[in-house]
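The next block holds one structure in the form of structure tokens; read it before the comments.
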Amino acid sequence: MKGEDKDMGKVAIYPGSFDPITYGHIDIIERGLEIFDKVIVAIAENEEKRPLFSVEERLRMVKSCFKDTPNVIVDSFKGLLVNYVGKTNAKVILRGLRATSDFEYEFHMASMNRSLNTQLDTLFMMTSKDYFFVSSRTIKEVARLGGAVEGLVPDLVVRRLKEKFKLPVPKKRRIGWDD
Ligand code: ADP
């Protein structure tokens, strides 16, 4: 238990854009909960990435997905991740790895973060076979062109994507952001 807050348990931060959250992300969070007592989903407020959804919209979608899971905390942060992590009691950054294409970027980020804070480790989880091809970017592209993304993102995200791209949403499914 050395270096660990016994009261708070083991905490991991799962940072990302989540623009929007997919079942690939959710799978990593759920598997993270098998290892950690608490997972903080930290949504990066990086406007340079020109997100489709505002940070408030992304927060509401992720919160809604985990409304029944009290050990998932959803928050947003600006600036350097290591600065944000320093404000929490997390010692580990959780990241997902898909194909080799993710590796180089993730390797550089993990090394940089460790150089900025030597107490901080990054734990990588391999994507599940069902979601290895799922990324927020391809989800947005397919949804924009009217393709079906059901089963790859939660239903509430399907609806939000249809609304963003002004595609028809079945009437009874027109519900609040937090459903
Ligand atoms: P970022 O903009 O920081 O890459 P993302 O929201 O795209 O944020 O991803 C956050 C994390 O989730 C990253 O570590 C990414 O590799 C991982 N991830 C995204 N999609 C999947 C998936 N389908 N399977 C496993 N990990 C994933």
message: How tilted is helix 155-164 with respect to the longest principal axis of the chain? Cα atoms for both, answer in degrees (0 to 90, nearest 10).
response: 60 degrees
Folded to 0 to 90 degrees: helix 55-65 orientation relative to the chain principal axis, Cα: 90 degrees
- request: Could you tell me the largest-minus-smallest coordinate of the C-alpha atoms of the range 1-97 on each of the three principal axes, in descending order and whole angstroms?
  value: 41, 28, 24
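First obtain the Kirkwood hydrodynamic radius of the chain from its Cα pairs, then insert it into the Stokes-Einstein equation at 20 °C and 1.002 mPa s, and state the resulting D in µm² per second as a whole number.
On the way: Rh = 17.1 Å.
This corresponds to a translational diffusion coefficient of 125 µm²/s.
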field: Ranked packing of 19-26, 79-86, 48-55, 103-110, most packed first, by mean Cβ within 10 Å
entry: 19-26, 79-86, 48-55, 103-110
query: Could you name the lysines in cross-link range of K166, using Cα to Cα under 18 Å and dropping any fewer than eight places away on the same chain?
result: K140
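Where a number appears in this text, it was derived from the coordinates with a stated rule and is not lab data. Predicted, not measured: the structure shown is a model, and the values here were computed from it. All Cβ positions, glycine included, derive from the backbone under ideal geometry; neighbour counts span all protein chains shown.
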